[in-house]
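**Q** Below you will find the structure I want to go over with you.
The values are calculated or read from the model by the stated rules, or taken from the named source; none is laboratory data. Predicted model only: the values in this text are computed from it and were never measured. For neighbour counting, all protein chains shown are included, and Cβ atoms are generated from backbone atoms with ideal geometry for every residue, glycine included.
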């Protein structure tokens, strides 16, 4: 990937896509191809085909899709499986058809089995049942991974798939449809805090700057059909995470765990040995990441 390469960031106005586009510009990549949903509906196969035929991107970061936390996955299961499957199929096929040099597709840690051995190695994919609350999204993501692998095998493409830990940071979606960290930070800026589940499940979080750095690193340095985990190697329970956010926010109110609500996967820690052996390392620890995210939210969203 050269500074003059034509790079298409699909989903550039999303949380990860926006951060990636900004980082690429910062690094001197000026030939970025960016389209909003209103400019390019990736669920429309004809439009996607025409787009690739005319612009001929050389590298593709496929970050477009419907994402959200446990509430959103439960509320909109059909949207999650349909939109993600259609977008992935259209973009991956067009990338093959118009000879994209390399495509990067992000999966999700929820693709792994609900009771997966910890930490989760890449080879554990499809070795057990998926957590039901994430199933539509997870199935769509697994389909994307398998599609990349199938095209590599049949057409000798260079499509890589990665599995990030739970991403957080400034500019995330701080609402009920958002990821765990953002949703919690929003709650702790109110008067009362109600948290879904028992608080016992453990999650691994990775800061947005680190995930973007890893995506660029892998686009430059990795080729292969095997998925690659991207994590920090550190997990924390939702209860302990809530306490850390509470301390940062100086919250004095009551915190209640709604134990009648689903917990999701009991553990979700990635084994990122393969990536670490390539020479990549995360830079932002959880304590600093929480503070940076909270401060951004207070300045840019909750200004009271």
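**Q** Could you list all residues from region 36-52 that are assigned to a loop (DSSP other than H, G, I, E, B) and over 17 Å from residue 103 (Cα atoms)?
**A** 36, 37, 38, 39, 40, 41, 43, 44
**Q** With the condition kept exactly as written, say whether any residue in region 127-140 is free of Cβ contacts under 8 Å to residues at least 60 places away in the same chain, under 30 Å from residue 195 (Cβ atoms), within 17 Å of the chain's Cα centre (by Cα) and buried (at least 21 other Cβ atoms within 10 Å of the Cβ).
**A** The answer is yes, given that some residue of region 127-140 is free of Cβ contacts under 8 Å to residues at least 60 places away in the same chain, under 30 Å from residue 195 (Cβ atoms), within 17 Å of the chain's Cα centre (by Cα) and buried (at least 21 other Cβ atoms within 10 Å of the Cβ).
**Q** Answer yes or no as to whether residue 242 is more than 25 Å from residue 159 (Cβ to Cβ) and either crowded, with 17+ Cβ neighbours inside 10 Å or without any contact (Cβ under 8 Å) to a residue 60 or more places away in the chain (or both).
**A** Criteria met by residue 242.
**Q** Can you pull out the residues in region 7-33 that are surrounded by fewer than 17 Cβ atoms within 10 Å (Cβ to Cβ) and part of a loop (DSSP other than H, G, I, E, B)?
**A** Within region 7-33, 13, 27, 28, 30, 31 qualify.
**Q** For region 182-210, what are the residues that are farther than 16 Å from residue 265 by Cβ and within 15 Å of the chain's Cα centre (by Cα)?
**A** 182, 206, 207, 208, 209, 210
**Q** Sort out which residues of region 96-110 are under 17 Å from the mean Cα position of the chain (by Cα) and either assigned to a loop (DSSP other than H, G, I, E, B) or modelled with pLDDT of 95 or more (or both), and write them in order of number.
**A** 103, 104, 105, 106, 107, 108
**Q** In region 115-128, what residues are touching a strand residue (DSSP E or B) at 6+ places or on another chain (Cβ under 7 Å), assigned to a loop (DSSP other than H, G, I, E, B) and closer than 19 Å to residue 164 by Cβ?
**A** Result: 118, 119.
**Q** Let me ask you something else. State whether one or more residues within region 192-205 are closer than 24 Å to residue 24 by Cα and crowded, with 17+ Cβ neighbours inside 10 Å.
**A** Yes.
**Q** Let me ask another. For residue 177, only one of the following conditions fails: (1) at pLDDT below 90; (2) buried (at least 20 other Cβ atoms within 10 Å of the Cβ); (3) touching a helix residue (DSSP H, G or I) at 6+ places or on another chain (Cβ under 6 Å). What is its number?
**A** Here residue 177 meets the rest and fails (2).
**Q** Can you name the condition, by its number, that residue 225 falls short on among (1) farther than 30 Å from residue 261 by Cβ; (2) touching a strand residue (DSSP E or B) at 6+ places or on another chain (Cβ under 7 Å); (3) crowded, with 16+ Cβ neighbours inside 10 Å?
**A** Condition not satisfied by residue 225: (2).
**Q** Just name the residue that is nearest to residue 1 (Cα to Cα) out of those in region 34-66 that are buried (at least 20 other Cβ atoms within 10 Å of the Cβ) and touching a strand residue (DSSP E or B) at 6+ places or on another chain (Cβ under 7 Å).
**A** 59
**Q** Answer yes or no: is there a residue in region 224-231 that is over 20 Å from residue 125 (Cα atoms) and touching a residue at least 12 places away in the same chain (Cβ under 8 Å).
**A** No, region 224-231 has no match at all.
**Q** Tell me, yes or no, whether region 142-161 has at least one residue that is closer than 15 Å to residue 268 by Cα and either touching a strand residue (DSSP E or B) at 6+ places or on another chain (Cβ under 6 Å) or part of a strand (DSSP E or B) (or both).
**A** no
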